[in-house]
Amino acid sequence: MQFALALPRFFLSPSSSFFASSASSSISLFRRPFSAKCATSPAAMAYEHELSIATKAVSLACRLCQKVQKGLLAAETQEKSDKSPVTVADYGSQALISWALNEELPQGTFSLVAEEDSEELKQDQGASMLDRITQLVNETLALEKRIDAPFLSKEQVLLAIDRGRSEGGSVGRHWVLDPIDGTRGFVRGDQYAVALGLLDQGEVVVGVLGCPNLPTNLIGPEALVSPTESSIGCLFAARKGAGTTVKSIDGSIQPQKISVRNLEDPSLANFCESYESAHSMQNVTAEIAKILGVVSPPLRIDSQAKYGAMARGDAAIYLRFPHPGYREKIWDHAAGCIIIKEAGGLVLDAAGNPLDFSKGRYLDIASGIISTNPQLMPALLAAVQAALQKEHHHGERVHL
Ligand SMILES: Nc1ncnc2c1ncn2[C@@H]1O[C@H](COP(=O)(O)O)[C@@H](OP(=O)(O)O)[C@H]1O
Ligand SMILES: [Mg+2]
Ligand SMILES: [Mg+2]
Ligand SMILES: [Mg+2]
């Protein structure tokens, strides 16, 4: 019988689970999932193992990113062909998460849709960057304090990064990774997120957002001023049907259930949007806010940290209206989308359709992504249509 081929490696040999030996409390979690996955498991158990390994992989990557952000040197940042920045931390985070998930999942089953690839690193000018990434990955793995901490070669690092080339789609399971979302914020010393999701048959069923610079206290207009109690670094986690939780990355705050703001009067709402004005048309978002009667100033933060912040009530509305021609990628929204949905919110395109993650690496939407609670959504959709009509009349190439 060829049974063993289908078994996860950690199941065949307990010591081969990377995470299991680093935290004794996790051992039982890592041995349970195989039976949970193969038996007809109750809905409450679905994706529990996947959420657990995703949380651990994202925590590991956050550690690497925090270390790099503290001492980022110019030599550690590159410009991609589309002029966007990429750093040693983007590559290191992708390598770590890809490697860790592949270790934990049944052999041959791991499919990853991720933002980065190793093309630039394989060029002559990428050699020193690859050395640094390999060093960072191994230093981070060693911090897990395993006696037999693995050591990855440069080739293994490149291989792990390039596992992210999957096209995703509507069949089977695909992990979706943005190793650093908001690289511009990361380089600026601001907000960024490590964003990992899991698609099953085209639907996002698990999402984890590590936001190492997000205060654990609320940051919206109703934030209580209690600076002594706030720590920095939040990890949001959601799985289908089980709600959304947030905990602190440093372990000082245990996971707590969170929900979006339960607000019905749009004039009392506030909204969040990109920090980078090039990523979203701020004249359109200002017009939408005006139509709704929103008076609070926008909360502008980089990355999917916006989705996390909204899921715990920092903002009641999320608005994103890229300039015409921009194509949204699934890794920029997959984790954030389930974190909002499981916190009771809705994420739609500007026409009111749910986001479809089953079409490959891109989201196939005409214009804009919006999010709020179900009570406010009808008024928001009406305001969006009115604002887009107005833009259209002013001659901007806005798709309606
Ligand atoms: N012109 C543009 N319009 C909209 N989004 C853009 C953009 N250029 C880059 N982005 C995306 O915006 C993401 C950051 O999100 P936000 O605007 O919410 O901070 C970037 O993720 P990366 O930083 O992972 O490349 C990138 O995918
Ligand atoms: Mg990028
Ligand atoms: Mg991104
Ligand atoms: Mg990125």
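The values are calculated or read from the model by the stated rules, or taken from the named source; none is laboratory data. What you see is a predicted model, and the numbers here were worked out from it, not measured in a lab. Neighbour counts run over all protein chains shown; Cβ positions are idealised from the backbone, glycine included. Accessible surface areas use protein heavy atoms only, side chains included; no ligands, DNA or RNA. Shrake-Rupley method; radii C 1.70, N 1.55, O 1.52, S 1.80 Å.
Below, the figures for the structure above:
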quantity	calculated
The stretch 301-400 - percent of accessible surface contributed by carbon and sulfur, probe 1.4 Å	52
Calculated from backbone phi, Karplus (6.51, -1.76, 1.60) coupling profile of the stretch 231-236 in Hz, x at Gly/Pro	10, 10, x, 10, 10, 9
Rounded to 10°, Cα long-axis angle of helix 282-292 versus longest principal axis of the chain	60
Karplus 3J(HN,Hα) series, Hz, for the stretch 305-310 with 6.51 cos²θ - 1.76 cosθ + 1.60 (x for Gly, Pro)	3, 4, 5, x, 4, 5
For the stretch 115-233, the fraction of alpha-carbon pairs in successive 5 Å shells from zero, as %	2, 9, 12, 15, 19, 17, 12, 8, 5, 2, 0
Solvent-accessible surface (1.4 angstrom probe) belonging to LYS122, in square angstrom, nearest 10	110
Rounded to 10°, Cα long-axis angle of helix 127-142 versus longest principal axis of the chain	80
Interchain or long-range residues, amide H under 5 Å from GLY360's placed H	GLY169
The stretch 151-253: GluC sites (Glu not before Pro) falling in loop per DSSP and having at most 12 other Cβ within 10 Å	GLU167, GLU222
Rg/Rh (Cα only; Kirkwood hydrodynamic radius) as it applies to the chain	0.97
Accessible surface of ASP148 - all protein chains present, 1.4 Å probe, nearest 10 Å²	90
Packing rank of 241-247, 156-162, where each peptide gets the mean count of other beta carbons within 10 Å, highest leading	156-162, 241-247
Long-range HN-HN contacts of LYS329 with modeled amide H, under 5 Å	LEU363
The stretch 266-393: radius of gyration and largest Cα-Cα distance (Dmax), Å	13.2, 39
Sequence-separation-based contact order of the chain, relative, with Cα cut under 8 Å and 6+ spacing, percent	14
Per residue Cα convex hull volume in Å³ - calculated over the stretch 42-258	150
C-alpha long axis of helix 377-393 to longest principal axis of the chain, angle in °	70
Computed log₁₀ I(q)/I(0) - Debye formula, equal Cα scatterers, no solvent, the stretch 330-393, q 0.13, 0.17, 0.23, 0.27 Å⁻¹	-0.37, -0.61, -0.99, -1.18
Å² per residue, accessible surface of the chain at 1.4 Å	43
Within the accessible area of the stretch 42-258 (1.4 Å probe), percent carbon and sulfur	53
The stretch 42-258: relative contact order in percent, alpha carbon pairs under 8 Å with at least 6 residues between	20
Net charge over other residues, Cβ less than 12 angstrom from the Cβ of SER81 (K, R count +1; D, E count -1)	-3
